[in-house]
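J.: Pasting a structure below so you can have a look.
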Amino acid sequence: MLELKNLSFSVSEENSKEKEIVKDVSLTIDDGKLVVITGPNGGGKSTLAKLIMGIEKPTSGKIFYNGEDITDLSVTERAKKGISFAFQQPVKFKGLKVLDLLRIASGKNLSVGDACTYLSSVGLCARDYIDRELNASLSGGELKRIEIAQVLSRGTKLSIFDEPEAGIDLWSFNNLIKVFEGMRRDINDGSIIIISHQERILNIADEIVVINGGTVERKGAKEEIMPTLLGSSTLVNFCTGAAKEENV
């Protein structure tokens with residue numbers, strides 16, 4: 001279980017004033033849940049995800065994971081505790097092959113067969129990718145799915161995805177939904193957090209958290225929150241290979 005208690009994050013602006021991006025957020029993510037955090041652009045969603053992973057450090061407040069205070073732990077220490085993070089824009093590692101990445105992520109000498117299983121689970125033909133380098137020759141959709149395969153190979157209890165739909169085409173997006181649906185079915189004592197405002201991703205959530213202006217505006221079951229988002233510019237529908245606002 002993940003608990004955020006009175007979490008805040010500020011940055012200094014050029015005029016030496018403090019700009020508060022996350023404001024006194026208290027939130028509990030229970031095990032066995034797929035939770036989507038949504039809200040307007042610039043509302044603090046991605047910053048909140050980075051605070052959970054330890055990429056950013058809170059100005060005030062506490063973060064507890066399975067009852068342990070992890071507020072001051074580094075990214076590496078949190079990863080060892082069983083937390084994974086998938087960036088909005090996956091990192092490219094020139095010279096590193098996909099097989100090597102999956103082995104590093106899993107922390108063990110994965111067999112080629114096991115590595116291929118993870119790639120196949122995200123809709124990639126394993127024989128075409130296992131020996132590919134993680135460089136500019138791969139598309140955004142390919143890199144995104146390889147990164148998700150990397151998260152799957154770690155088998156962590158808490159997986160965080162920051163706008164996984166960013167920069168991918170419609171076909172990749174459809175496969176992405178299938179991957180998340182499969183991960184949802186396999187949840188036991190862990191949880192999944194997805195930062196997104198895509199309608200189809202919101203529709204597979206157990207719970208939805210709406211962040212606006214750095215604060216939790218509302219939180220509840222998908223059936224409760226989705227009707228309040230319909231017609232809002234927050235909600236985006238993925239169609240014809242691109243994202244567009246849906247006003248209904």
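J.: Taking segment 102-113 as the search range and keeping residues that are under 21 Å from residue 192 (Cβ atoms) and buried (at least 17 other Cβ atoms within 10 Å of the Cβ), which one is nearest to the chain's Cα centre (by Cα)?
T.: Within segment 102-113, the match that is nearest to the chain's Cα centre (by Cα) is 105.
Listed here are the residues, each with its yes/no results for (1) crowded, with 20+ Cβ neighbours inside 10 Å; (2) of a type in the set (S, T, N, Q); (3) in contact (Cβ under 8 Å) with a residue 60 or more places away in the chain.
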{"position": "84", "(1), (2), (3)": "yes, yes, yes"}
{"position": "91", "(1), (2), (3)": "no, no, no"}
{"position": "115", "(1), (2), (3)": "yes, no, no"}
{"position": "124", "(1), (2), (3)": "yes, no, no"}
{"position": "136", "(1), (2), (3)": "no, no, no"}
{"position": "142", "(1), (2), (3)": "yes, no, no"}
{"position": "146", "(1), (2), (3)": "yes, no, no"}
{"position": "161", "(1), (2), (3)": "yes, no, yes"}
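J.: Does any residue in segment 54-76 that is more than 17 Å from residue 1 (Cα to Cα) and touching a residue at least 60 places away in the same chain (Cβ under 8 Å) come within less than 9 Å, Cβ to Cβ, of a residue that is loosely packed, with under 13 Cβ neighbours inside 10 Å and of a type outside the set (Asp, Glu) six or more places away or on a different chain, and which pairs are these?
T.: Every condition considered, no pair remains.
J.: Among the candidates 119, 170, single out the residue that is surrounded by fewer than 21 Cβ atoms within 10 Å (Cβ to Cβ), of a type in the set (A, V, I, L, M, F, W, C) and over 26 Å from residue 3 (Cα atoms).
T.: 170
J.: Would you kindly identify the helices (runs of 4 or more DSSP H) lying entirely within segment 18-110 that contain at least 2 residues that are more than 30 Å from residue 232 (Cα to Cα) and at pLDDT below 95?
T.: Filter on segment 18-110 gives 75-80, 98-106.
J.: Quick one: in segment 54-82, which of the residues that are more than 21 Å from residue 32 (Cβ to Cβ) and among the β-branched types (Val, Ile, Thr) is surrounded by the fewest Cβ atoms within 10 Å (Cβ to Cβ)?
T.: 76
J.: In segment 178-197, which residues are surrounded by 15 or more Cβ atoms within 10 Å (Cβ to Cβ) and either more than 16 Å from residue 222 (Cβ to Cβ) or within 13 Å of the chain's Cα centre (by Cα) (or both)?
T.: 179, 180, 183, 190, 191, 192, 193, 194, 195, 196, 197 - these are the residues of segment 178-197 that are surrounded by 15 or more Cβ atoms within 10 Å (Cβ to Cβ) and either more than 16 Å from residue 222 (Cβ to Cβ) or within 13 Å of the chain's Cα centre (by Cα) (or both).
The values are calculated or read from the model by the stated rules, or taken from the named source; none is laboratory data. In this text, all values refer to a predicted model and were calculated from it rather than measured experimentally. All Cβ positions, glycine included, derive from the backbone under ideal geometry; neighbour counts span all protein chains shown.
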